[in-house]
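Structure record follows, encoded as structure tokens.
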Amino acid sequence: MNTTDQKVGNPFENDNARNSTPDDLPYQFVWTTDFARLISSKNHVLIGARGSGKTAIIKMLSHEYLARLNHEAAAKLIRDKSFVGTYVPMRLSWVGGLKNKPWLTEKGRENHFQWRLNVACCSAFISTLESCLRAYITGKAEFFITERDVCLQLSAAWFPTLRAESIDKLRQYLAEVEYKKLLDEEKLRVNDGVEFSKVGVEFDIGLFEPLKRAISILKSFIKFPQSTIWAVCLDEAEYLSVEYQRILNSHLRTFADGLVFKITTMPYKHYTLETNTAVPLVRGDDFDYIYLDSMEVSKRTFSEYEALRKFSTELFERRLKGSRWENSGVTLDMLLGTSFILSDKSVSQEAIVELIAKHSNVATLERAKYLLGTAKFDDEIGRKLKGALLLRDAASQLKGNSSSSIYSGVEMVIRCSDGNPRRFISLLNSMYLAGSDESGFKPVPLAVQDRILRHFSTNEFRRIISEPNHGNDIHQLLLKIGKFFKEALHFKPLSSDLILSFRYNVDDSAIWDVVSEAVGVGLIRPLVEKSDFDELPVREGTFRLSYMLSPYFYLLPRRGRAISLSAILNSPPPLADPTLQMELL
Amino acid sequence: MAKLYVEDISLQDLFERVYEISIFSCGYEERSANLATILKPEKIGCTLVFGFGGKKSETCLQNEALFKEHLESDVTDISYGETHRIISVLRAEVEKLIFSKKEIVKVLVDYSSMPRLWYSEILNFFKNFNSAVEFELDFVYSVGEHAHSDQPQQLGDPIVLPGCEAVATYSKRTVAIFGLGFDSGAPICMHGKIEPDNTYALIARPGALEDYSKKTFSINEDFIAESVDEVIYSPLSSVKQTYDSLREIFFPFRTSAITVIVPFGPKPHALAAIIAAMNYPGVTCLYSSTGSRPSVVTATSELVLSRIYKDVEQVAG
């Protein structure tokens with residue numbers, strides 16, 4: 001999307017970085033410290049749930065995108081030629097083809113993967129080449145001459161019988177050789193039952209070798225400093241099986257002669273640390289994890305909500321920048337108003353005691369009465385219980401089809417999007433469609449916000465069933481946990497310890513598989529230790545439901561106190577089991 | 001490079017033909033034996049009946065008995081993950097015929113109850129088999145009435161159908177075409193994984209029954225509203241027309257984007273998608289099984305008939 005398109009369009013329409021172009025992503029990108037950490041000569045595995053912004057980050061590392069980022073540090077990196085990244089998406093549309101060949105031997109599978117990844121890297125490198133020529137070659141004539149000379153050398157290296165004199169031709173020949181290879185493989189299988197096609201042998205040499213050759217050809221035309229970091233940014237490694245990840249790991253271990261790797265995957269989907277050598281990867285030495293979901297800004301002084309708010313506000317402002325709303329002065333607060341459940345707006349101590357009398361246990365009421373009128377009341381009772389009491393009271397008063405405004409207000413929308421940029425932009429998109437017209441943004445009515453959040457929440461929960469391999473199990477587990485928390489919040493007397501998270505304490509690998517898959521899709525969140533935000537807990541630790549599920553289960557989007565998972569799983573099913581209901585007629 | 005051509009044929013074309021090889025599948029759907037009971041045994045030549053490995057339902061055993069009775073044919077079980085065995089079975093059968101010096105080998109494929117993987121593999125075999133003999137394949141689909149529900153189902157691992165891989169080089173943009181069926185969750189889930197730049201939906205109209213296209217639209221209404229740029233309609237009864245409709249969608253993108261077709265709709269639409277993916281380097285056909293739902297699928301007596309043959313010519317990029 002160019003600037004003109006952006007001005008007339010809806011700034012929140014595109015919620016997915018995969019669909020962002022070099023023209024619009026740099027506009028919308030928020031420079032974070034995690035992003036800055038990636039610009040180094042260290043190998044990184046970037047971990048984040050679906051929609052957490054992995055693709056935006058890894059795409060922005062590429063020279064093609066970084067060169068367009070309006071940021072001082074980015075401009076310096078490009079000017080000094082200190083970081084040259086190539087973005088290689090490992091899309092399901094080609095990685096899915098790796099899985100349909102059960103007839104191949106282990107060696108055959110390895111060769112096929114290596115061949116296709118080599119071609120994908122070279123194809124991606126063509127964009128890097130184009131960007132480098134644009135950035136470092138001045139003058140039209142020199143540009144065309146250099147383009148032709150580089151392309152001729154690259155085509156001699158990649159397909160010796162063809163002469164590509166332009167970038168377009170290079171791309172075309174690469175596609176042709178790839179297609180011939182795919183057809184030849186099928187022909188060999190069908191006619192002779194054999195593998196190992198000889199088409200495109202130039203890409204059969206070691207993994208990343210054709211890319212390295214291409215880099216050295218480029219370096220012979222453009223002078224790069226010795227210290228330049230050449231990064232291969234591999235996106236969506238979660239689609240690769242263990243054996244293919246093992247092959248990649250081997251390259252992380254050997255440092256691949258000047259290439260560094262930035263690999264994205266979902267939580268728990270860096271399946272192995274093994275390599276094809278006898279020595280496995282060592283975290284810290286060979287690579288580092290960066291865990292995106294832990295909201296890096298919260299690592300220092302901010303509270304969880306402050307960090308979320310800062311990130312979300314910046315995202316909102318970036319989206320408005322360059323759109324026709326840029327100078328309208330519109331803010332998130334104006335658009336969404338305040339949440340009566342979560343805002344800091346004070347509710348009198350007397351009113352809270354009244355709600356406690358209605359919804360809490362005797363001990364809590366006694367304590368509240370004892371502390372009434374003191375500063376301790378706010379610390380020990382008010383802050384902890386206010387949101388839960390207001391939510392419970394509002395929910396208990398809903399009648400029939402009456403509209404609700406429980407899930408509304410800027411604090412609620414930010415919390416429910418849970419720091420997930422895709423969810424947040426999707427929500428803003430719906431709010432925008434509900435609240436804008438030709439004259440500009442209008443505040444979105446609270447009841448409309450509630451409807452939108454509830455709709456999103458229901459969809460997130462219901463749609464998880466379709467997820468391959470574990471969808472049903474994730475759905476069942478979330479249902480069990482969500483119902484348990486709902487019962488504790490709405491049907492039992494409240495204490496000042498709200499149960500809204502769980503401690504993993506089950507010795508059952510099948511249950512762990514489901515929990516870790518749910519973390520991967522972003523519906524369960526581990527509560528990572530402040531001492532190490534990049535450490536994901538394995539078969540232990542404390543987790544909570546994504547706040548996006550709060551509207552579906554009528555929960556408060558807060559961490560609360562943890563209860564053991566075994567207690568939740570062993571809790572009796574609700575009495576009104578629908579399968580036990582008798583037919584009425 | 002061999003290119004596949006498809007045309008619609010009539011019942012008369014079907015009944016007039018004497019086939020050298022006929023391929024059936026024997027499954028849990030009542031309709032899987034429908035065609036076998038209609039055709040005269042002397043017209044179907046050598047018979048191959050592929051069955052599903054694993055535990056068999058009552059209907060499945062009844063169907064096996066029907067194949068035995070009508071075609072005197074035993075079932076070759078294909079286990080999950082062993083679809084490639086179809087290739088060796090076919091090769092053995094076809095090599096026998098080549099020795100008989102026929103110029104054209106006529107093949108019948110009843111894909112009414114076949115998984116998409118199987119008929120993609122069958123077509124892949126005939127497309128790539130090197131021989132002086134010409135093959136003409138008549139694909140037959142017995143239209144079925146489904147006891148359907150719109151409850152989302154857990155999907156299987158997404159894979160590219162055999163012979164339907166596309167080049168990764170057009171990696172800048174992705175166009176997706178979703179064939180829509182009665183599972184509301186499947187296209188949404190796959191859309192989330194493919195993350196296309198442009199999305200089209202394909203609905204069968206007219207469908208198997210009069211109200212099916214409306215039902216399909218209504219079941220997938222959320223997906224259409226949230227993600228689809230345009231809905232394309234094509235009749236269930238014409239593989240040729242569906243193939244042309246698909247080409248019209250992806251043709252403008254054929255050198256600038258990869259087109260991913262995900263055929264959750266009826267099988268004749270999936271067949272058209274497979275042919276398109278086999279003919280164009282930038283088009284792929286990705287499928288994620290919605291699992292075998294042992295639902296009752298009764299044949300409506302309608303047949304969808306298509307003739308596919310190959311011609312060797314250079315495919316335009």
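Here are a few things to note about the model shown:
- Some residue of region A:377-400 being in contact (Cβ under 8 Å) with a residue 40 or more places away in the chain, more than 26 Å from A:Leu25 (Cβ to Cβ), outside any helix (DSSP H, G or I) and touching a Lys or Arg at 6+ places or on another chain (Cβ under 8 Å): no
- Yes/no for B:Ile98 being farther than 19 Å from B:Pro162 by Cα and either more than 14 Å from chain A (Cβ to nearest Cβ) or free of Cβ contacts under 8 Å to residues at least 24 places away in the same chain (or both): no
- When region A:174-223 is limited to residues that are assigned to a loop (DSSP other than H, G, I, E, B) and among the small types (Gly, Ala, Ser), the one that is nearest to the chain's Cα centre (by Cα) turns out to be A:Gly206.
- Filter result for B:Thr76 (assigned by TED's automatic domain parsing to the domain that holds B:Glu16, surrounded by 14 or more Cβ atoms within 10 Å (Cβ to Cβ) and under 26 Å from B:Ser131 (Cα atoms)): yes
- Taking the criterion of being within 14 Å of chain A (Cβ to nearest Cβ) and in contact with a Phe, Trp or Tyr (Cβ under 7 Å, 6 or more places away or on another chain), no residue of region B:1-29 qualifies.
- Given (1) at pLDDT below 85; (2) more than 14 Å from chain A (Cβ to nearest Cβ); (3) surrounded by fewer than 16 Cβ atoms within 10 Å (Cβ to Cβ), index of the condition B:Leu61 fails: (1)
- Residue in region A:493-516 that is basic (Lys, Arg), more than 19 Å from A:Thr331 (Cα to Cα) and not in a helix (DSSP H, G or I) present: yes
- Selected residue (only one of A:Leu248, A:Leu252 is over 22 Å from the mean Cα position of the chain (by Cα) and under 20 Å from A:Tyr87 (Cβ atoms)): A:Leu252
- The strands (runs of 3 or more DSSP E) located wholly in region B:147-236 that include 2 or more residues which are in contact (Cβ under 8 Å) with a residue 40 or more places away in the chain and within 9 Å of chain A (Cβ to nearest Cβ) occupy B:173-179.
- For region A:489-497, the condition holds for no residue, the condition being that it is of a type in the set (Ser, Thr, Tyr) and in contact with a strand residue (DSSP E or B) (Cβ under 6 Å, 6 or more places away or on another chain).
- Per the conditions (1) touching a strand residue (DSSP E or B) at 6+ places or on another chain (Cβ under 8 Å); (2) within 14 Å of another protein chain (Cβ to nearest Cβ); (3) not hydrophobic (A, V, I, L, M, F, W, C), the sole criterion not satisfied by A:Gly53 is (1).
- Residue within region B:231-246 that is touching a strand residue (DSSP E or B) at 6+ places or on another chain (Cβ under 9 Å), among the acidic types (Asp, Glu), farther than 21 Å from B:Leu14 by Cβ and at pLDDT 90 or above present: yes
- Condition met for A:Lys42 (away from every other protein chain (no Cβ under 13 Å), among the charged types (D, E, K, R), assigned to a loop (DSSP other than H, G, I, E, B) and over 29 Å from A:Arg423 (Cβ atoms)): yes
- Criterion: over 37 Å from the mean Cα position of the chain (by Cα), within 14 Å of chain B (Cβ to nearest Cβ) and closer than 30 Å to A:Arg79 by Cβ - qualifying residue of A:Ala164, A:Ala120, A:Ala124, A:Ala141: A:Ala164
- Residue in region A:153-161 that is more than 14 Å from chain B (Cβ to nearest Cβ), closer than 21 Å to B:Pro281 by Cβ and without any contact (Cβ under 8 Å) to a residue 12 or more places away in the chain present: yes
- Among the conditions (1) under 22 Å from the mean Cα position of the chain (by Cα); (2) assigned to a loop (DSSP other than H, G, I, E, B); (3) without any contact (Cβ under 8 Å) to a residue 60 or more places away in the chain, A:Tyr268 misses just one, which is (3).
- Residues that are at pLDDT 85 or above and surrounded by 21 or more Cβ atoms within 10 Å (Cβ to Cβ) were ranked within region A:78-97; the one that is farthest from the other protein chains (Cβ to nearest Cβ) is A:Phe83.
- Within region A:50-60, the residues that satisfy the criterion of being of a type in the set (A, V, I, L, M, F, W, C) and buried (at least 24 other Cβ atoms within 10 Å of the Cβ) are A:Ile57, A:Ile58, A:Met60.
- Answer residue from region A:188-209, given it is within 13 Å of chain B (Cβ to nearest Cβ) and crowded, with 17+ Cβ neighbours inside 10 Å and is farthest from A:Ser250 (Cα to Cα) among those: A:Val190
- B:Phe129 fulfils the conditions (1) at pLDDT 85 or above; (2) within 12 Å of chain A (Cβ to nearest Cβ); (3) under 22 Å from B:Ile261 (Cβ atoms) except for a single criterion, (3).
- Subset of region A:251-284 [modelled with pLDDT of 90 or more, in contact with a helix residue (DSSP H, G or I) (Cβ under 6 Å, 6 or more places away or on another chain) and either of a type outside the set (Ser, Thr, Tyr) or closer than 19 Å to A:Thr228 by Cβ (or both)]: A:Phe261, A:Lys262, A:Ile263, A:Met266, A:Pro267, A:Lys269, A:Glu274, A:Leu281
- In region A:98-116, the residues that are within 32 Å of the chain's Cα centre (by Cα) and within 13 Å of chain B (Cβ to nearest Cβ): A:Leu98, A:Lys99, A:Asn100, A:Lys101, A:Pro102, A:His112, A:Phe113, A:Trp115, A:Arg116
Let's see how each residue does on (1) hydrophobic (A, V, I, L, M, F, W, C); (2) at pLDDT 90 or above:
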position: B:Val109; (1), (2): yes, yes
position: B:Ser120; (1), (2): no, yes
position: B:His148; (1), (2): no, no
position: B:Thr169; (1), (2): no, no
position: B:Val175; (1), (2): yes, yes
position: B:Met190; (1), (2): yes, yes
position: B:Arg205; (1), (2): no, yes
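- Residue in region B:25-44 that is out of contact with any helix residue (DSSP H, G or I) (no Cβ under 6 Å at 6 or more places or on another chain), assigned by TED's automatic domain parsing to the domain that holds B:Phe129 and aromatic (Phe, Trp, Tyr) present: no
- If the condition is being acidic (Asp, Glu) and closer than 30 Å to B:Leu286 by Cα, then region A:450-500 contributes A:Glu460, A:Glu467, A:Asp473.
- Test: A:Ala135 is within 33 Å of the chain's Cα centre (by Cα), of a type outside the set (Lys, Arg) and over 30 Å from B:Trp118 (Cβ atoms): yes
- Among the residues of region B:165-203, those that are aliphatic (A, V, I, L, M) and out of contact with any strand residue (DSSP E or B) (no Cβ under 7 Å at 6 or more places or on another chain) comprise B:Val167, B:Ala168, B:Ala186, B:Ile188.
The values are calculated or read from the model by the stated rules, or taken from the named source; none is laboratory data. Remember, predicted model here, so these are calculated numbers, not experimental data. We place every Cβ from the backbone using ideal geometry, glycine too, and count neighbours over all the protein chains shown.
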